[in-house]
Amino acid sequence: MPDHQTTIGCDPFDDLANSLKAHASKSQILMEVGSAKGTLKEVLEILSDLEVDPVRYEVLQKGDPSCILLFLPNEDVRAIVFRLTEAGFTRVKGVNPRPDHGRKKN
């Protein structure tokens, strides 16, 4: 989970997005979800349609909307983020794993 502090007057999503660092082996998607439209259930259904199973997710900011961080298998998240934005999610940030993951070290 990223280390973060919410600055007074700043947007919690932006603070969290700016604090994200590439994970050693997992892709990550940070997004806002609501209680009525744009729910976590909808996100999980979209991932299921794309045949992507999240490794886990964490609620980083509770409320309505909430900020969640999804950890996904090691894969490029551009298509997933695109599909989520097509579905109406507007606050989404994807981070691929560190580029050196899976490479042999000399």
Checklist entry - Just wondering, is there one or more residues in the range 21-28 that are surrounded by 15 or more Cβ atoms within 10 Å (Cβ to Cβ), charged (D, E, K, R) and touching a residue at least 12 places away in the same chain (Cβ under 8 Å)? => result yes
Item to check | Selected residue (criterion: surrounded by the most Cβ atoms within 10 Å (Cβ to Cβ)) from residues of the range 34-89 that are free of Cβ contacts under 8 Å to residues at least 40 places away in the same chain and among the polar types (S, T, N, Q) | outcome: S66
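Taken together, the values in this text are just the output of simple stated rules run on the coordinates, not laboratory data. All figures in this text were calculated on a predicted structure; none of them were measured in a lab. Methodologically, a virtual Cβ is constructed for each residue, glycine included, from the backbone with ideal geometry; neighbour enumeration extends over all protein chains shown.
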